[in-house]
1. List the residues whose amide H sits under 5 Å from the amide H of residue 111, counting only those 5 or more places along or on another chain, with H placed 1.01 Å from N in the peptide plane.
2. Within region 29-45, whose backbone N sits under 18 Å from a point 7 Å along Cα→Cβ of residue 105?
3. In whole Hz, what ³J(HN,Hα) sequence does region 147-152 give by Karplus (6.51, -1.76, 1.60; θ = phi - 60°), x for Gly and Pro?
4. Determine, for each peptide in 31-38, 117-124, 93-100, the mean count of other beta carbons within 10 angstrom over its residues, then list the peptides with the highest first.
5. In whole Hz, with x marking every Gly and Pro, tabulate ³J(HN,Hα) for region 73-80 from phi via Karplus 6.51 cos²θ - 1.76 cosθ + 1.60, θ = phi - 60°.
6. Mind listing the long-range amide H neighbours of residue 117? Cut-off is under 5 Å, sequence gap 5 or more, other chains count too, H placed in the peptide plane at 1.01 Å from N.
7. Which of the peptides 2-15, 130-143 is most tightly packed, and how do the rest follow, going by the mean number of other Cβ atoms within 10 Å of each residue?
8. Please find the FRET efficiency linking residue 74 to residue 197, where r is the Cβ-Cβ separation and R0 is fixed at 30 Å, and quote it to the nearest 0.05.
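What follows is calculated from the coordinates using simple rules that are stated; it is not laboratory data. None of these values were measured; they are calculated from a predicted model. Note that we place each Cβ from the backbone using ideal geometry, even for glycine, and neighbour counts take in every protein chain shown.
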Amino acid sequence: MDGRTRATMEAHYAALSREGGHSARCDMPLPEGLLGKRVLDLGCRGGKGAFKIADAVGPEGFVLGVDPSAEFIARAASRAADRDASAERASRLAFARGCFEDLRAAGAADASFDVVVVNSVLNLAWDLRSALREIARVLVPGGFLFHKGVFARRPAEVGANAAPPAGPGASGEFARALDRASFEALVLGAGFATCRFGPPSPAEGADAGSFYAAVVRAETPS
């Protein structure tokens, strides 16, 4: 990635809202069977979800929380230090700054995680196609992405890496929402073998006729 492209990407993430909207969401479903797994929490924000995952993976597992915001990563690390004083807990929970499209910057090597969890923020990626490729890269064969997100009921008018709208109350999460077919095509094109949608549910703060929420599980080839 050249310097100009990186600067554009960094500016995109720096411009995302830190108050309300996606940054306030805390409802985080998790897949079963995380005990002993290595999990990457992408878009970890202040770390609440990573703490929840750390409890689920147990002493033999590991959790890396990654977020583009240095502010969020500092907040998460501070909470971990205050809340998790034990060396045992500290050994399986870490936080690192990194953009969705460049997880190497956060120390995520090829095939180094069993599961990648993304809660509500994948729509905010600067380049969703590249972000999905990075997620596939860091997953082991047969690993999976577990993503709770917002989807459009009709084909989206805004492209996957178009800029979110500006102004008070504007929500990039909804403006960037793709319909199921478009999202599935991106996932499979990024190198995943499957892309399965769970039952739809209401999307908080959105017109039910235009958007819905769903959990997606996408697995890499075994």
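1. Result for residue 111 returns 138, 139.
2. 41-45
3. 10, 9, x, 9, 10, 8
4. On the way: 31-38: 14.4, 117-124: 25.2, 93-100: 21.2.
Answer by packing, highest mean first, reads 117-124, 93-100, 31-38.
5. Each residue of region 73-80 in turn: 5, 5, 5, 5, 5, 5, 5, 5 Hz.
6. Sorted by chain and number, the residues that satisfy this are 40, 41, 42, 146.
7. Working: 2-15: 12.6, 130-143: 20.7.
Listed from highest to lowest mean packing, they are 130-143, 2-15.
8. So, using R0 = 30 Å, E works out to roughly 0.30.
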